[in-house]
Amino acid sequence: MYDSSTRPHRQTRTGERPSTLPGCCISTTTAPPTAHPWWRCTVSCATAPDGSASPKTTCPGIRVHAPDLRGHGRSTTQPPWTFEQHADDVREILDTLHLDQAVVVGHSLGATIAVHLSQLIPGRIRRLILLDPGIGLPEALAAKFAAEAPSPVIAATWTELAREPVAPAAPTTLVRARRSKAVPPGYPGQCATALGEKFRLVELDCGHQVHEEKPAETAELIRAAVSGTP
């Protein structure tokens with residue numbers, strides 16, 4: 001989590017506050033229910049193209065804790081940049097904020113990290129909302145993108161995205177964008193086999209940036225998960 005002694009706080013919207021939690025290397029923005037998109041007890045792994053964790057989706061009455069993933073935004077750039085390390089970083093956020101349970105929302109890379117978080121602490125995830133996760137990328141394509149990457153962090157990310165898909169270990173809503181190829185065709189079935197009735201597939205007519213293109217639908221999924229009626 002975020003070590004405020006070594007890095008400046010990033011700018012936030014009115015009502016938001018960056019994390020000042022001691023001993024942490026991940027920058028986390030917390031917003032009260034009246035000020036921010038999403039959360040009464042939600043951790044968001046969704047990141048905007050500029051590396052920030054503040055999509056357009058708004059859910060009045062819900063508080064969000066939005067971390068910048070390792071290597072993103074104001075967080076540490078220290079490796080490793082693996083799914084397991086990212087998941088453990090989010091687990092540390094939950095521990096430090098004394099959140100016994102949370103709805104975890106992730107987009108793309110963040111969604112795949114959320115899956116690995118559920119493997120790490122399944123009993124603490126009330127529900128995952130996976131927005132078009134980047135998962136099981138073809139190895140040749142990932143290698144090409146990694147070779148062209150402008151930084152070691154991005155290169156490592158492409159390599160991670162080519163790993164074998166893992167099914168969630170907690171109740172999950174998987175949102176697949178119909179105009180995106182991020183989710184492999186067999187992944188919804190893999191999730192359904194692993195979770196049974198605890199799995200829900202939602203398909204939306206949009207591209208990969210689900211929370212940007214379908215903010216109202218995304219907000220409704222989050223509200224339902226927080227209320228316990230997904």
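With assigned to a loop (DSSP other than H, G, I, E, B) and charged (D, E, K, R) as the only criterion, which of Glu164, Glu160 stands out?
Glu164
Only one entry of Leu137, Leu117 meets the criterion of being closer than 18 Å to Thr172 by Cβ and either modelled with pLDDT under 90 or not β-branched (Val, Ile, Thr) (or both), and that entry is Leu117. Of all the residues in segment 196-211, those that are more than 17 Å from Leu109 (Cα to Cα) and small (Gly, Ala, Ser) number 1.
In segment 160-180, the residue that is nearest to Val104 (Cα to Cα) out of those that are under 18 Å from the mean Cα position of the chain (by Cα) and free of Cβ contacts under 8 Å to residues at least 40 places away in the same chain is Pro165.
Being over 16 Å from His107 (Cβ atoms), hydroxyl-bearing (Ser, Thr, Tyr) and in contact with a helix residue (DSSP H, G or I) (Cβ under 8 Å, 6 or more places away or on another chain) is the requirement here; does Thr193 meet it? Quick ask: steps written out before the conclusion?
Values: over 16 Å from His107 (Cβ atoms): yes; hydroxyl-bearing (Ser, Thr, Tyr): yes; in contact with a helix residue (DSSP H, G or I) (Cβ under 8 Å, 6 or more places away or on another chain): no.
No, not satisfied.
With the requirement that a residue be outside any helix (DSSP H, G or I) and under 19 Å from Pro168 (Cβ atoms), what does segment 205-228 give you?
Of everything in segment 205-228, just one residue is outside any helix (DSSP H, G or I) and under 19 Å from Pro168 (Cβ atoms), namely Gly228.
Residue count for segment 174-204, restricted to those that are part of a strand (DSSP E or B) and surrounded by 15 or more Cβ atoms within 10 Å (Cβ to Cβ): 9.
The values are calculated or read from the model by the stated rules, or taken from the named source; none is laboratory data. Because the structure is predicted, anything quoted here is derived from the model rather than measured. Positions of Cβ are generated from backbone atoms using ideal geometry, with glycine treated the same way; all protein chains shown enter the neighbour counts.
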